[in-house]
Structures are given as structure tokens and as C-alpha cells.
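Novice: Pasting in a structure now, in C-alpha cells, and then I'll have a few things to ask.
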Amino acid sequence: MIAISLLKPAKENNNTIEVDSRWFKVSTGFVIGSILIGGVLIALYTVFW
């Protein structure tokens with residue numbers, strides 16, 4: 001694969017996706033809910049392990 005990729009140059013691809021950091025922002029309510037669910041799961045695993 002390395003030899004083929006070195007011998008044959010890559011085609012120019014215009015179908016790329018640009019990733020924006022704003023896509024990964026979450027709301028405060030989501031963070032609080034995630035922490036609560038994580039706490040409940042930890043408590044359940046601690047009690048029933």
C-alpha cells in the first residue's frame with residue numbers, strides 16, 4: 001500500500017467535510033443530566049456489585 005500510494009499521487013477530493021468546534025458544544029442542562037445519570041449508575045454498580 002505504501003508503494004502504491006507513493007507511486008500514484010492522490011486525486012484532489014472536493015468532498016471533504018470541515019469540522020467546526022461549535023458542533024461539539026453542549027448545553028448546561030445536558031452536562032448536568034449526564035453527571036446525574038453517571039452518579040446514579042455509579043451508585044447502582046456500587047450497591048449491586
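Novice: Scan segment 1-46 for residues that are among the aromatic types (Phe, Trp, Tyr) and at pLDDT below 95 and jot them down.
Specialist: Hits for segment 1-46 are TRP23, PHE24.
Novice: Return a yes/no flag: does segment 14-29 have any residue that is surrounded by 10 or more Cβ atoms within 10 Å (Cβ to Cβ) and assigned to a helix (DSSP H, G or I).
Specialist: Looking for residues that are surrounded by 10 or more Cβ atoms within 10 Å (Cβ to Cβ) and assigned to a helix (DSSP H, G or I), one finds none in segment 14-29, hence no.
The values are calculated or read from the model by the stated rules, or taken from the named source; none is laboratory data. All figures in this text were calculated on a predicted structure; none of them were measured in a lab. Cβ coordinates were reconstructed from backbone atoms using ideal geometry, including for glycine residues, and neighbour counts include every protein chain displayed.
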